[in-house]
Amino acid sequence: MTRIAVLGAGKIGEALLAGLLAAGQDADELMFTERHPERADELTARHGVRAVDVATAAARAEIVVVAVKPQDIGPVLDELAGALSPGTLVVSLCAGLPTSLFEGALPEGTPVVRVMPNTPMLVGEAMSAISAGTHATDDQLAVVEKMLASVGRVVRVPESQQDAVTALSGSGPAYFFFLVEAMIDAGILLGLPREVAADLIVQSAFGAARMLRESSDHPVLLREAVTSPAGTTIAAIRELERHGVRAALIDAIEAARDRSVELGKQS
Ligand SMILES: NC(=O)c1ccc[n+]([C@@H]2O[C@H](COP(=O)([O-])OP(=O)(O)OC[C@H]3O[C@@H](n4cnc5c(N)ncnc54)[C@H](OP(=O)(O)O)[C@@H]3O)[C@@H](O)[C@H]2O)c1
């Protein structure tokens, strides 16, 4: 079994630890680092995984997963650089940080894989896109793919597409939350109690998501199937088109991509 260390067990780091354990990873083969002892104790009590320092993580783990906020990366890389065993695979979950940043700070030849996950990792339904750095091999990408498959789905993309991935699936859950929020408001406008409106919309979102994932049909076909002539759905669709919702979504996602590029330049 591969020994894995997670540096920074916050929301995403803990979700990954929990997913790996649920997928059968031995707790003895997992470790994590945390700045606050209370948080470390809490995680050990919850998951039975031990907290270590960065030097121990770097020396013992075959895969070091970096899950600190991008702005906290400096000190972590400094500590890792002096402690990393040759050949240890470094997996970065840090949004916007290029593999070249890790390769420049870590020992020559360190294999690095960049991942853009998203928050549904918290419920084992992440969408993660992975990209190899200069020294990461296909086999190492496959190892990362297997690791992340325990908390959702995984695709491989060239690193040049990571800004687009950030805009689509990285930020994507927020767009759906926004949509659900607006639809619940609509239910309230129509006189439904908030809890009823929320139930109706959340279950509809869940059902629609399952249909999208499990059917091989294009979304257009799924929508057409509930859009009858002179019916209610087409009346709503006309309003969505009149308000330019399709164009607004395309513009919004392009803006997110541009912001990701901008943030990457500042790192
Ligand atoms: N959440 C998302 O939706 C999402 C999506 C895609 C990618 N990501 C990426 O995933 C990474 C983690 O995000 P998150 O939402 O899980 O953030 P988070 O909850 O703030 O977790 C980061 C954790 O790292 C700890 N930490 C910081 N510096 C450390 C150090 N030197 N040594 C040990 N631990 C350290 C933090 O401790 P403190 O509490 O002391 O700061 C915190 O517990 C980020 O790089 C983010 O870009 C997140």
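Just so it is clear, none of the values below were taken in a lab; they were calculated from the coordinates. Keep in mind that this is a model prediction, so the values were computed, not measured. Quick reminder, even Gly has a Cβ in these numbers, built from the backbone with ideal geometry, and neighbours come from all protein chains shown.
List the lysines whose Cα lies under 30 Å from the Cα of residue 146, skipping any in the same chain that are fewer than 8 positions away.
Straight-distance partners of residue 146: 11, 69.
Starting from the 7 Å offset along Cα-to-Cβ, what nm value, one decimal, do you get for the label separation of residue 108 and residue 42?
That separation, rounded to one decimal, is 4.4 nm.
Could you work out how far apart the two model spin labels at residue 146 and residue 53 are, taking each label as a point 7 Å from the Cα in the direction of the beta carbon, and quote it in nm?
Placing both labels 7 Å along Cα→Cβ, they lie 3.2 nm apart.
Running a GNM on the chain with Cα contacts under 10 Å, which residue among 141, 249, 189 ends up with the highest mean-square fluctuation?
Most flexible of the set in this elastic network: 189.
In the chain, which helices (entire DSSP H runs) extend 20 Å or more along their own long axis, judged by Cα positions, while averaging at least 0.0 on the Kyte-Doolittle scale? Provide the component values of the computation, followed by the final result.
Values: long enough: 172-189 (26 Å, 1.43); 194-214 (30 Å, 0.26); 245-266 (32 Å, -0.10).
Helices meeting the criterion: 172-189, 194-214.
Nearest 5 percent is fine: what portion of the DSSP beta bridges confined to the chain is antiparallel? Show your work: numbers first, answer last.
On the way: 4 of 26 bridges.
So the antiparallel bridges in the chain amount to around 15 percent.
Loop only per DSSP, at most 13 neighbouring Cβ atoms within 10 Å: give me the trypsin sites (Lys or Arg not before Pro) in the range 17-60, ordered by residue number.
Working: sites: 35, 39, 46, 50, 60; in loops: 35.
Those that pass, being in a loop and sparsely packed, are 35.
In what order do 234, 253 fall by count of nearby beta-carbon atoms within 10 Å, going from fewest to most?
Numbers: 234 13, 253 16.
Ascending Cβ contact count within 10 Å gives the list 234, 253.
Calculate the FRET efficiency for residue 233 and residue 156 from the Cβ-Cβ distance with a Förster distance of 45 Å, rounded to the nearest 0.05. Before the final figure, lay out each step's value.
Details: r = 37 Å, r/R0 = 0.82.
Calculated transfer efficiency: 0.75.
Only sites in a loop by DSSP and with at most 16 other Cβ atoms within 10 Å count here; which GluC sites (Glu not before Pro) in the range 4-81 make the cut? Before the final figure, lay out the partial values.
Details: sites: 14, 29, 34, 38, 42, 62, 79; in loops: 34, 62.
Sparse-neighbourhood loop GluC sites (Glu not before Pro): 62.
Which value in nm describes the separation of the simple spin-label points at residue 78 and residue 202, placed 7 Å from the Cα toward the beta carbon?
Inter-label distance under the simple model: 4.4 nm.
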